[in-house]
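K.L.:
For reference, the structure I am asking about is given below.
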Amino acid sequence: MVTKKMLLPIELVNPGMKTAEVVFNKQGNVMLWDGVALDGNTIQRLKNVGVDEIYVQLDEPQEMSGFDYSQDSPEHFKIEYEHDLNSTKQLFQAISSGRNIDVEAANTIVGSIVHKSESNRNIIDTITQVRSIDEYTYYHSVNVSLLSMIIGKWLRLDEYHIRNLTQAALLHDVGKTRIPLQILNKPGKLTESEFNEMKRHSEYGYSIVKNSAEISPEVAKAILTHHEKEDGSGYPMGITGNKINLYSKIITVADIFDAMTANRSYKSKDTPFKVFELMQHGSFGILDPIVLKVFLDNITTYYIGSKVLLNTGEQGNVVFMNKSNLSRPVVQVDDRYIDTSVSKIVRIKEFL
Ligand SMILES: [Fe+2]
Ligand SMILES: [Fe+2]
C-alpha cells in the first residue's frame, strides 16, 4: 500500500484516518503526533480548539504496485451490475407512473452497490463501457452511485455516510422521471425553454424524496443541489461551495466524469485521459478542489497498464500518468517509452 498525505478540512476528517504530520494548536503546542489514528473524540477536540485543517494519510489503490485486489470476478460483477440496472429501471418507472418512491427497493440497490466496495477495478472497467442511449438515465444513476461510493471510500467516510452518499447518488437524477421523454431523449441540442425544463429535475427529485421519513434530509438536500457549483453559478439556487453538502460535492464530480465518458447520442466519447484533463483544468470554480484532487489522484492510477492507440497508428500501454498533464501519459510501445506530454507529435487517439 502506497501512502501519501493530503490536507483536509476538519469537516472531511473521519474516524479511522491517520495524521500525516504533527498537528499544532493555535498557540503552537503539539496536539497530535504524526501517524496517530483519529477517533471521534479526537476530531471533536481539534474542532473545539479551532483547528481548521490537518494533513491525513490517504492510501493509494493497491493496483499502484501491480496487485489487483478486486474480489469479484468480472463476470460475476457484470451479472450483479445488470441486476442493479434493472432494479433501478423498475424503481424509476414506478415513480414515472405516479407512485411514491419505494425506499426499500432503493436501499436494496444501495446495499448491492456498497457491497462492491472492494471491486474498484471492475467498477472502473464497467462504467467506461458503451451503454444504450435510451436507457441512459439508469446506467448513469448506477454508475454515479458506484463512483460516488468509491470516492467516499477514498475520502475515508464512515459506513453511515457511504450508505447515505450512495443512496443520494443513485437518486440524484430521479427528478428526470418528471421530464417529458421528448426532452429527455432528444438527440440534438435543447431549446432554451426545453433546457429550462430539464434543469428543473433537481427540484422534482427533491420533491419526490423530501416527504419520505426513511430518507435523510442531507440526502434530499444533495439531490436538490447536485447541479450547484462552487462559485455560485449553478442551479436551482445559485448557492456557493460552503452551502453545498459533501454528498453533493462528491456526486457532482462522479456525475461529470460519467457524463463525459458516456457514449451520448450527440457527442462522441472522449478518452478517459481527455476527461481527466478537462476535469483537472476546466473545473475551477465548479467542482470542490479537494474532492476533485482525491478523485483524480486515485482514479488515474487505475489506467496504468491500459492499451491505447496513438495518432501514429502504433499501439502501446500507459506506464505512467503525468500528474500535471493527465491527458498525456507516458506510453510504452515495444521497448520505447514515449512521454506524450513532451512529444510535439505523438498523442493518444483512442482508448482500447
Ligand atoms: Fe442531474
Ligand atoms: Fe446526473
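The values are calculated or read from the model by the stated rules, or taken from the named source; none is laboratory data. Keep in mind that this is a model prediction, so the values were computed, not measured. Cβ atoms come from the backbone with ideal geometry, glycine included; neighbour counts cover every protein chain shown. Surface accessibility is based on the protein's heavy atoms, side chains included, excluding ligands, DNA and RNA. Shrake-Rupley method; radii C 1.70, N 1.55, O 1.52, S 1.80 Å.
K.L.:
Using only helices, what value at 222 nm comes out for the chain when you add -39,500 (n - 2.57) per DSSP H run of length 4 or more and divide by the total residues, to the nearest 500 deg cm²/dmol?
P.N.:
For the chain, the value works out to -13000 deg cm²/dmol.
K.L.:
Kindly list the residues of region 306-349 that lie in the label zone of ASP270, defined by a backbone N under 12 Å from the point 7 Å along the Cα-to-C-beta vector.
P.N.:
326-327
K.L.:
Moving on to the next point. Assuming 1.567 mPa s and 4 °C, estimate D for the chain with Stokes-Einstein, Rh taken as the Kirkwood radius over Cα pairs, in µm²/s.
P.N.:
Rounded to a whole number, D works out at 60 µm²/s.
K.L.:
In the chain, which whole DSSP H runs stretch at least 18 Å along their own axis (Cα) and average -1.0 or higher on the Kyte-Doolittle scale?
P.N.:
74-96, 136-154, 246-261
K.L.:
Taking only protein heavy atoms and a 1.4 Å probe, what accessible area per residue, in Å², does region 3-59 have with all protein chains in place?
P.N.:
Here the per-residue accessible area is 55 Å².
K.L.:
Can you give the extra length, in nm with one decimal, that the chain gains between TRP33 and THR301 once fully stretched, where that is 0.36 nm per residue apart less the Cα-Cα distance?
P.N.:
93.5 nm
K.L.:
Still on this model: Under 14 Å Cα-Cα from LYS307, which aspartates and glutamates qualify once same-chain neighbours fewer than 8 residues away are excluded?
P.N.:
ASP125, ASP334, GLU350
K.L.:
Another question, then. Can you list the residues, at least 5 places off or on another chain, whose amide H is less than 5 Å from the amide H of LEU58, using H built in the peptide plane?
P.N.:
LYS4, LYS5, MET6
K.L.:
Using the beta-carbon distance between SER96 and TYR160 and R0 = 25 Å, what value does 1/(1 + (r/R0)^6) give for FRET efficiency, to the nearest 0.05?
P.N.:
0.25
K.L.:
Over 21 Å between C-alpha atoms is what I'm after, so list which of LYS78/LYS176; LYS186/LYS221; LYS78/LYS221; LYS249/LYS293 land there.
P.N.:
With Cα atoms farther than 21 Å apart: LYS78/LYS176; LYS186/LYS221; LYS78/LYS221.
K.L.:
Measuring with a 1.4 Å probe in the full set of protein chains, what accessible area per residue, in whole Å², belongs to region 74-300?
P.N.:
42 Å²
K.L.:
Out of all Cα-Cα pairs in region 197-352, roughly what percent, to the nearest whole number, are more than 28 Å apart?
P.N.:
Roughly 33 percent, rounded to a whole number.
K.L.:
Sticking with this structure for a sec: Which residues among region 273-298 fall inside the zone where the amide N is under 18 Å from a point 7 Å beyond the Cα of ASN311, along Cα→Cβ?
P.N.:
273-278
K.L.:
With a/c under 1.5 counting as rounded, go ahead and sort region 304-351 into rounded, prolate or oblate using the C-alpha gyration tensor (a ≥ b ≥ c being the square roots of the eigenvalues; past the cut-off, prolate if a/b is larger than b/c, else oblate).
P.N.:
Note, shape of region 304-351 comes out rounded.
K.L.:
Sticking with this one: Quickly work out the LYS293-to-LEU181 label distance, labels modelled 7 Å from Cα along the C-beta direction, and quote it in nm with one decimal.
P.N.:
Label at LEU181, label at LYS293, 4.7 nm between them.
K.L.:
Label points 7 Å out from Cα along the Cβ direction at GLU118 and VAL49: separation in nm?
P.N.:
Distance between label points: 3.8 nm.
K.L.:
Could you calculate the contour length gain from ASP125 to SER324, that is, 0.36 nm times the residue separation minus the distance between their Cα atoms, to one decimal place in nm?
P.N.:
Difference between extended and current length: 69.3 nm.
K.L.:
Taking all protein chains in place and a 1.4 Å probe, what share, in percent, of the accessible surface of the chain do carbon and sulfur account for?
P.N.:
51 percent
K.L.:
Sticking with the crude label model, points 7 Å out along Cα→Cβ, report the distance from THR191 to ALA213 in nm, one decimal please.
P.N.:
Spacing of the two 7 Å Cα→Cβ label points: 4.5 nm.
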